[in-house]
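One structure below.
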Amino acid sequence: MPVVGMKEILDRALAGRYGVGAFNIINDLSIEAVLAAAVEERAPVILQTSVKTVKQYGRNQLFDIFRALTRGVDVPVTLHLDHCPDRAVISDCLAGGWNSVLFDAHELDVAENMRQTTEVVAEARRTGAHVEGEIEGIQGVEDDIGSDEASKIHSLEVAVDFIEHTGVDCFAPAIGNAHGQYKQAPRLDAQRVSDLVAATGVPMALHGGTGLSDEQFTDLIARGCAKVNISTALKESFMRSGLEHLRTAEENNKWDPPTLFRHQRAAVMEMARRHIRLFGGSGKAW
């Protein structure tokens, strides 16, 4: 069975100092394309679902699609719920087979965030699942969650205490990264990643990956960002390739949906393959 826990995937990546691509899938085509890239590269992969996608499909139907498409896939895969502030959705996905969740409680004060995250970790453990935590919002709006306002950055001591007290399996630090497209080249506090990993031994999650330079990716992964989120690049690959094909279809007055789907699949697969190679995940499947 290819589906494994997020902790096993990320602990191996942290020890080997490579990154695992965590791709925010949007439908069955994008799931299949990312899985095909991972199989071709012999790489572990994380499939992420936003709250919006879960609600669009319905938990049961989305999980059935995931289960059907991972059947026969022979590389490690995990299913992760991205940025979710809603405890009811967290519980529903954990009960429905998700392997991990990001409880996004950064808008709460740290003490209340810590209390509730500890509860989510206990709940996840009962189903064998894992938890990603955060105490600072990642700037930018993604799938209707987030804010364009920069979040307060807490001290290293506060972050370490949160990680150790809650028992989260992965932590998403704010280091100057942002969701969506960057308006200018970001200035990142990479040392914060090194300090957090040195203090806790816990893998870090890099959010806002689309738009970072190859050098920034490589540096942050070497410091301990074992989970690397890719959302905007997948959406752009999917939609731009569709737009390109539809323009050609209109010019030629030829309307064949399967050729559109093949075009989009190829674009998403190439995007995923490029990131997997860049993150050092190729050949790391077990």
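Quick notes on this structure:
- Solvent-accessible area per residue in the chain equals 43 Å², computed with a 1.4 angstrom probe and all protein chains kept.
- Whole-angstrom gap from the stretch 206-264 to the stretch 54-77, using each part's C-alpha centre: 20 Å
- Mean projected area (nm²) of the alpha-carbon convex hull when the stretch 187-274 is viewed from all directions: 6.8 nm²
- Cα gyration tensor, the stretch 1-111 - rounded (a/c under 1.5), prolate or oblate: oblate
- Nonpolar atom fraction for the stretch 1-110, defined as the carbon and sulfur part of the 1.4 Å probe accessible area, stands at 49 percent.
- Cα long-axis angle, helix 232-252 against the chain (0 to 90 degrees, to the nearest 10): 10 degrees
- Here K52 is the anchor, and the lysines within straight C-alpha reach of less than 22 Å, apart from those fewer than 8 places off in the same chain, are K227, K235.
- Proximal aspartates and glutamates relative to K7, as straight alpha-carbon distance under 12 Å, when same-chain residues fewer than 8 apart are discounted: E132, D169
- Residue-averaged [θ]222 nm for the chain, counting only DSSP H segments that reach four residues, each worth -39500 (n - 2.57): -16500 deg cm²/dmol
- A straight chain from D64 to E112 at 0.36 nm per residue would run longer than the Cα-Cα distance by 13.8 nm.
- Once C-alpha pairs closer than 8 Å and six or more residues apart are averaged by separation and normalised to the residue number of the chain, the relative contact order reads 25 percent.
- Taking packing as the residue-averaged number of other Cβ atoms within 10 angstrom, the listed peptides 238-251, 62-75 run from highest to lowest as 62-75, 238-251.
- Across all directions, the average projected area of the convex hull around the alpha carbons of the stretch 54-133 is 5.4 nm².
- Extension gain, W255-A190: 0.36 nm per intervening residue step, less the Cα-Cα distance, totals 18.6 nm.
- Counting only the Cα atoms, the stretch 239-278 fills a convex hull of 51 Å³ per residue.
The values are calculated or read from the model by the stated rules, or taken from the named source; none is laboratory data. None of the values given here were measured: they were computed from a predicted structure. Glycine also receives a Cβ, built like all others from the backbone with ideal geometry; neighbour counts cover every protein chain displayed. The accessibility values were calculated without ligands, DNA or RNA, using every heavy atom of the protein model including side chains. Shrake-Rupley method; radii C 1.70, N 1.55, O 1.52, S 1.80 Å.
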